[in-house]
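Reading through the structure tokens given below for one structure.
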Amino acid sequence: DGVELDYVYQERRPKEVPIYIGATGMKMMELSGEIADGVVLNYLVSPEYNKRAMEHLEIGASKAGRSIDEIDRPQLVVCSLAEDRKEALDGARLMVTQYLGQQPHIMKASGVPEELLDEIGQVLTWPATHEQVEAASKLVPDEIVQMICAAGTPDEVREKVAQYIKDGCTCPILYPLGPDVRLMIDTFSGWSP
């Protein structure tokens, strides 16, 4: 009738395996709210995106007669921090640039201006070379880097991670970028929003 696994030294019984959906689009958020135990929120999105995603997750959850609080919402949060703000922003800029070129639909969902996406698209080919990404990175303003990841001084990065939590993330998974991973560990050691 189904797949049966042979468990050595374990009781044979059905397992409760939680189902998580990696969703970005709002229809997928609604479906996740309706049928999933959790939704893996995308990375390199803005907290504003999270707010819209939570609205659609709630729509789906209400269809199933449950609360959004019953749905786990982990999220990978790209973090680049340094005592020197410019160094931290530059530490994330190449990754942000490549993502802007390769995933414009996700960037549009976060409110990145279409003109910037078009400009970057004119510089990057597929697959993009490192030189192209470096050239295109000069087009990416600091505001865009800070909009879609946690980049800056330790205080700024903690504040941004707290914003992701406030806007729906239940468990931030910190993705370290930048020159000093030890600083990131120290920044979040013992921290709570």
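Just so you know, all these numbers are worked out from the coordinates, no wet-lab data involved. The structure presented is a predicted model; accordingly, all values stated were derived computationally and were not measured. Don't worry about glycine lacking a Cβ; one is built from the backbone with ideal geometry, like all the others, and counts go over all protein chains shown.
Rounded to two decimals, the Cα-based Rg/Rh of the stretch 117-193, with Kirkwood Rh, is 1.06. The residue among Ala64, Val181, Ile19 whose Cα reaches farthest toward the positive pole of the charge dipole of the chain, with charges on the beta-carbon of Lys, Arg, Asp and Glu, is Ala64. Add +1 for every Lys or Arg and -1 for every Asp or Glu among the other residues with Cβ under 15 Å from the Cβ of Ala36, and state the total. For residues surrounding Ala36, the net value is -4. Show which aspartates and glutamates lie in cross-link reach of Lys166 when reach means a straight Cα distance below 18 angstrom and same-chain residues fewer than eight apart are skipped. By straight Cα distance, Lys166 reaches Glu48, Glu55, Glu58, Asp69, Glu70, Asp72, Asp155, Glu156. Two numbers describe the Cα atoms of the chain: Rg and Dmax, which are 19.3, 61 Å.
Taking a straight line from the alpha carbon of Lys86, these lysines sit under 20 Å away, with near neighbours fewer than eight places off in the same chain left out: Lys138, Lys160. In plain terms, the residue of Val77, Val17, Val3, Val157 with the fewest other Cβ atoms within 10 Å comes first and the most crowded comes last, giving Val3, Val17, Val77, Val157.
Its DSSP H runs of at least 4 residues, each contributing -39,500 (n - 2.57), put the calculated 222 nm mean residue ellipticity of the chain at -15000 deg cm²/dmol, to the nearest 500. Sorted largest first, the principal axis extents computed over the alpha-carbon atoms of the stretch 14-78 equal 37, 24, 18 Å.
Under the convention that each Lys and Arg Cβ holds +1 and each Asp and Glu Cβ holds -1, the size of the dipole of the stretch 20-188 around its Cα centre is about 340 debye.
Largest GNM mean-square fluctuation across Ala128, Ala23, Ala92, computed for the chain with C-alpha springs under 10 Å, falls on Ala128.
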